[in-house]
Structure formats: structure tokens, C-alpha cells
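Everything below concerns the one structure shown next.
The values are calculated or read from the model by the stated rules, or taken from the named source; none is laboratory data. Remember, predicted model here, so these are calculated numbers, not experimental data. Glycine gets a Cβ as well: all are built from the backbone with ideal geometry, and neighbour counts include every protein chain shown. For accessibility, only protein heavy atoms count, side chains too; no ligands or nucleic acids. Shrake-Rupley method; radii C 1.70, N 1.55, O 1.52, S 1.80 Å.
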Amino acid sequence: MTKRKLKLMLHKKYIRGLIVFALCSLIILCAAIPAVKHYIRFSSKEPIALSDIFIKKTDRVKINLTAQRGLASQAPENTLPAIEQASKKGFRSVELDLRLTKDGVWVLSADSRVNLTTDGFGKVSSYTYYDLITCKVNRGANCKNYNELTIPSLEQALKACLEYNAKPILNLLDYSDNSLEALIEIIEENGFTESCRVMCESEETLKKINELNPNIQTVIYIDRLTSGKVKKVLSSSQDEICINSKYNLHSGKNITKLIDNGKKLYCMGVSDAEKMQKYFELGICNFITDRIYK
């Protein structure tokens, strides 16, 4: 075999080796990303107190904090212990994610599938309520401290809110028009008509809720605050808007425009004091978070 052929073979093997290495690295990276997100989401790191947040002392009284998914950094998200922990940490209100079971029961779940937080498998909407509560919550912050924990119904969650004096923001993630009457009925029966808020992405759905009960306050969720969406909100009767903290830090003009026109803004998912400070300087005083760190 000539030296030229040998070099060519080694070169080809080297190239193939690089390709294999690159593919393996990509597979490992793709597998690692969900794991990292999972760790961050279910981390039980202690949040700092509101009094320690880097906001001027004279301005702290203006800030309203809502515990996201209960207080998901201290107890499994969207569970009764999470609501209890939010109250103990001094949160005035809690954001809870709602979905419907197969038989039309409102339950708490951020994800469409039960896999991420329980030992079950499949979509929440594929379970009847009594089948769903056989799934045990086995993931989440400090999960080992809570035995036999299950996904709660909305009624159970509202009773916990009453017990711990927490005002709920109910975030509708999966619903149907004919399920809204049942939602309103549960809110009314538990005495939260004037002290809760219902939030979702659909303005039409919020209008239907207001038609069913005009005393229930509603919040429209807008992921990215584009100029087009700002224009639409300004032309609507919707007074309260929730935005995602990940995407809107550079939307100062749009935020100011909404606030100047009398709109109340919430900022969802703020996780550090520095980002909160920046949004606060833009005029936002309402934050939905499960952790604030220095």
C-alpha cells in the first residue's frame, strides 16, 4: 500500500470519527437540555425575602408578588403544599394553572401530560378525575417531604387559598367554552368572585367569562408584547395584561404606552432581583414568580 493511499484512508477515518463524535455530542446535548431545565424548574433553592430585593426601600411597598404555580421552588408545583408555602413566605396571591380532565373536572397542572410531575403517563385530558388522583406526585421541590401527594382539583385548591388567605390567579391552559360555566360556579361557591382573577391568552374567552359574571376580574396573557398586540389591547376593554419576563425587557416603549393608558401589567416568571428592578423602572409593580434570587 502506498503512503498516499494510507494517508487517504487515515484521513477518511479521521473525518468519519469527527462526524461520529459530533453526532454523539449532539445527542448528549439534546438529552442534557431537558435535564437542566427540569433541575432549574424543580430546584428547591430558598428565595430571598422581599425586604432583601434590590429595590429602593421607599418603593418596596408598591410591589405585589404572586407565587407562580403556588410556590414551586419550595413544594411541588400546583399542589396544596405549594399554596401553603406561598402563604408562609408572605406572598399575597398565587398563580395556579388549570386543565380539564376527560370527565370535565378542573384540576391543577402546568403541563398537558402528567409525566413530568407524577408517576402517571399520558395527557391530563385522557384521565377521568378519579383515575388521575391515582397518579402520585413524585417530582418537584422537596417532594420527599410530601407523601401520597396527588394533583388537586380546583375546588381543593380554592379551599386551600381560603385557609391560607391567598388570592388566586387562575391561568386557563386547557378548556372548552362549555366548561366555563362550571369554572364560574366553582369560583362563586368558594367566595372568590371579587377576589380572584382568571387569566388566559384568548380575549374571546375572557369576554365570555365577563358575560357569565362581570364581577370576576380577567387578565389577558401576552407572551411577546409586539406593537400589533399593544394596539389590539389598547382598542379592547381588557384592563389587565400579563407578559412573559423572558421576552419583553426591551419593550420599554410598549410597556410605557400600556401603563400610560391605564392598563395594569403583570410580569410572569421573574427569577432574579436585577431583572425585577429593570421591569420595575419601566413601571411594572406586579410580578408572578416562584423564586427571586440575588
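The numbered conditions (1) within 30 Å of Gln277 (Cβ to Cβ); (2) open to solvent by 20 Å² or more (accessible area, probe 1.4 Å); (3) assigned to a helix (DSSP H, G or I) are all true for Gln156 except (1).
So that you can scan it fast, the table gives a plain yes or no per residue for (1) in contact with a Ser or Thr (Cβ under 8 Å, 6 or more places away or on another chain); (2) more than 24 Å from Ile184 (Cα to Cα):
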{"position": "Asn213", "(1), (2)": "yes, no"}
{"position": "Gln217", "(1), (2)": "no, no"}
{"position": "Ser227", "(1), (2)": "no, yes"}
{"position": "Val230", "(1), (2)": "no, yes"}
{"position": "Gln238", "(1), (2)": "yes, no"}
{"position": "Gly252", "(1), (2)": "no, yes"}
{"position": "Lys257", "(1), (2)": "no, yes"}
{"position": "Val270", "(1), (2)": "yes, yes"}
{"position": "Lys275", "(1), (2)": "yes, yes"}
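Scan segment 72-88 for residues that are within 15 Å of Cys161 (Cβ to Cβ) and either part of a loop (DSSP other than H, G, I, E, B) or of a type outside the set (Gly, Ala, Ser) (or both) and jot them down.
Step one: list which residues in segment 72-88 are within 15 Å of Cys161 (Cβ to Cβ), which gives 75, 78-88.
Result: Ala75, Asn78, Thr79, Leu80, Pro81, Ile83, Glu84, Gln85, Lys88.
Criterion applied to Lys246, Lys231 was being in contact with a Gly (Cβ under 8 Å, 6 or more places away or on another chain) and either small (Gly, Ala, Ser) or open to solvent by 60 Å² or more (accessible area, probe 1.4 Å) (or both), and the one residue passing it is Lys246.
To keep it simple, each residue is scored yes or no on (1) under 20 Å from Gln85 (Cα atoms); (2) touching a residue at least 40 places away in the same chain (Cβ under 8 Å); (3) part of a helix (DSSP H, G or I); (4) acidic (Asp, Glu).
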position: Asn165; (1), (2), (3), (4): yes, yes, no, no
position: Ser179; (1), (2), (3), (4): no, yes, yes, no
position: Ala182; (1), (2), (3), (4): no, yes, yes, no
position: Ile186; (1), (2), (3), (4): no, yes, yes, no
position: Met199; (1), (2), (3), (4): no, yes, no, no
position: Leu206; (1), (2), (3), (4): no, no, yes, no
position: Ile209; (1), (2), (3), (4): no, no, yes, no
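Scan segment 75-90 for residues that are open to solvent by 10 Å² or more (accessible area, probe 1.4 Å) and at pLDDT below 95 and jot them down.
First pass over segment 75-90, keeping only residues open to solvent by 10 Å² or more (accessible area, probe 1.4 Å): 77, 80-81, 84-85, 87-90.
Selection gives Gln85, Ser87, Lys88, Lys89, Gly90.
Taking segment 249-294 as the region of interest, how many residues are polar (S, T, N, Q) and loosely packed, with under 15 Cβ neighbours inside 10 Å?
Start the filter on segment 249-294 by keeping residues that are polar (S, T, N, Q), which leaves 251, 254, 256, 261, 271, 277, 286, 289.
Of the ones still in play, those that are also loosely packed, with under 15 Cβ neighbours inside 10 Å are 256, 261.
Adding up the residues that qualify gives 2.
Tally time: how many residues in segment 224-242 are more than 25 Å from Ser93 (Cβ to Cβ) and either in a helix (DSSP H, G or I) or aliphatic (A, V, I, L, M) (or both)?
If we filter segment 224-242 for residues that are more than 25 Å from Ser93 (Cβ to Cβ), which is where we start, we get 226-228, 230-232, 234-235.
Okay, now just the ones that are also either in a helix (DSSP H, G or I) or aliphatic (A, V, I, L, M) (or both), so 227-228, 230-232, 234.
Residues that pass the stated criteria total 6.
Looking only at residues that are within 12 Å of Cys242 (Cβ to Cβ) and of a type in the set (Ser, Thr, Tyr) in segment 202-226, which one is surrounded by the fewest Cβ atoms within 10 Å (Cβ to Cβ)? Within segment 202-226, the match that is surrounded by the fewest Cβ atoms within 10 Å (Cβ to Cβ) is Tyr221.
Within segment 178-191, does at least one residue satisfy the condition of being more than 17 Å from the chain's Cα centre (by Cα), at positive phi and at pLDDT 95 or above? Yes: segment 178-191 contains one or more residues that are more than 17 Å from the chain's Cα centre (by Cα), at positive phi and at pLDDT 95 or above. Of the residues making up segment 111-153, those that are surrounded by fewer than 22 Cβ atoms within 10 Å (Cβ to Cβ) and in a helix (DSSP H, G or I) number 8. Of the residues making up segment 243-294, those that are among the β-branched types (Val, Ile, Thr) and either in a strand (DSSP E or B) or under 21 Å from Arg69 (Cα atoms) (or both) are Ile243, Val270, Ile284, Ile288, Thr289, Ile292. When you scan segment 91-110, how many residues do you find that are open to solvent by 40 Å² or more (accessible area, probe 1.4 Å) and closer than 19 Å to Val219 by Cα? Total meeting the criteria: 1.
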